[in-house]
Amino acid sequence: MSYIIPEPLCRRRNIDQRTLISLPQEAENFWFKVEAVAQNPADWKNLSLVPEGHILGCDFSGTVHEIGSDVDEELRYVGECVSGFVHGDATRNGAFAEFVVALADLFIHLPDEIFFGNGAELALASITACLSLYQTLDLPIPFDASDVAGSARLKAPGLGLA
């Protein structure tokens, strides 16, 4: 897998912009082929603080590339278009890369009507909106929280908040 290091950071550190790294293959995760990313303040404000080898980027959209061996095969399918998020720079698994590894409940299905560029910003924004409302207002969760597969199948719940 390769990722792109922002050009200003490359000049400052005298390194190649395209860098190859490897991600561990984990049985409970999905591999996604990244098609588009969204930029957050957490991404661009931390450019100069990123340790070498870490990847920035939280929001992405793309396609399911590979499904871990411990994941329910009926949950998703290879080639499915999705929007998702990861915690960029916490590990080597930021969204500003060709591939991202994430858990099943951190992404949502992208319908055909939504392009990758627009879809990249959906997952984190909608989940943040829902969390802020449900926690602030102490609302009951509209699904059984113990059913992780059920929560992963939800279509962008935050879209209804707009």
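The values are calculated or read from the model by the stated rules, or taken from the named source; none is laboratory data. Since the structure is predicted, the reported quantities are computational estimates derived from the model, not experimental observations. So basically every Cβ, Gly included, is an ideal-geometry build from the backbone, and we count neighbours across all protein chains shown.
Under the condition of being out of contact with any Ser or Thr (no Cβ under 6 Å at 6 or more places or on another chain) and closer than 14 Å to Leu124 by Cβ, which residue from region 63-89 is surrounded by the most Cβ atoms within 10 Å (Cβ to Cβ)?
Among residues in region 63-89 that are out of contact with any Ser or Thr (no Cβ under 6 Å at 6 or more places or on another chain) and closer than 14 Å to Leu124 by Cβ, the one surrounded by the most Cβ atoms within 10 Å (Cβ to Cβ) is Gly84.
If the requirement is being farther than 13 Å from Phe30 by Cα and of a type in the set (S, T, N, Q), which of these qualifies: Asn46, Asn93? Please lay out each step first, then the result.
Numbers: Asn93 fails: farther than 13 Å from Phe30 by Cα.
Criteria check complete, one pass: Asn46.
Tell me whether region 32-49 contains one or more residues that are closer than 15 Å to Gly119 by Cβ, surrounded by fewer than 19 Cβ atoms within 10 Å (Cβ to Cβ), at pLDDT 80 or above and among the aliphatic types (A, V, I, L, M).
Yes, there is a match, as at least one residue in region 32-49 is closer than 15 Å to Gly119 by Cβ, surrounded by fewer than 19 Cβ atoms within 10 Å (Cβ to Cβ), at pLDDT 80 or above and among the aliphatic types (A, V, I, L, M).
Would you check which residues across region 78-136 are among the acidic types (Asp, Glu) and either at positive phi or in contact with a helix residue (DSSP H, G or I) (Cβ under 6 Å, 6 or more places away or on another chain) (or both) and list them?
Passing the criteria: Asp89, Asp105.
Consider region 79-111. How many of its residues are modelled with pLDDT of 90 or more and either acidic (Asp, Glu) or over 28 Å from Val50 (Cα atoms) (or both)?
Selection size over region 79-111: 5.
Of these, Ala125, Ala104, Ala120, which one is in contact (Cβ under 8 Å) with a residue 24 or more places away in the chain, crowded, with 18+ Cβ neighbours inside 10 Å and more than 11 Å from the chain's Cα centre (by Cα)? Outline the logic, then answer.
On the way: Ala104 fails: more than 11 Å from the chain's Cα centre (by Cα); Ala120 fails: more than 11 Å from the chain's Cα centre (by Cα).
So the residue among Ala125, Ala104, Ala120 that is in contact (Cβ under 8 Å) with a residue 24 or more places away in the chain, crowded, with 18+ Cβ neighbours inside 10 Å and more than 11 Å from the chain's Cα centre (by Cα) is Ala125.
Just checking, how many residues over region 110-132 are of a type in the set (Val, Ile, Thr) and part of a helix (DSSP H, G or I)? Show your work before the answer.
Narrowing region 110-132 to residues of a type in the set (Val, Ile, Thr): 114, 127-128.
Going one step further and asking which of them are part of a helix (DSSP H, G or I), we end up with 127-128.
The number of residues fulfilling the criteria is 2.
Is there any pair with a first residue in region 34-60 that is within 18 Å of Phe85 (Cα to Cα) and a second that is among the acidic types (Asp, Glu) and at pLDDT below 80 whose Cβ atoms are under 6 Å apart and which are 6 or more apart or on different chains, and what are they?
Taking only residues 6 or more apart or on different chains, the pairs are His54/Asp89; Leu56/Asp43; Leu56/Asp89; Gly57/Asp43.
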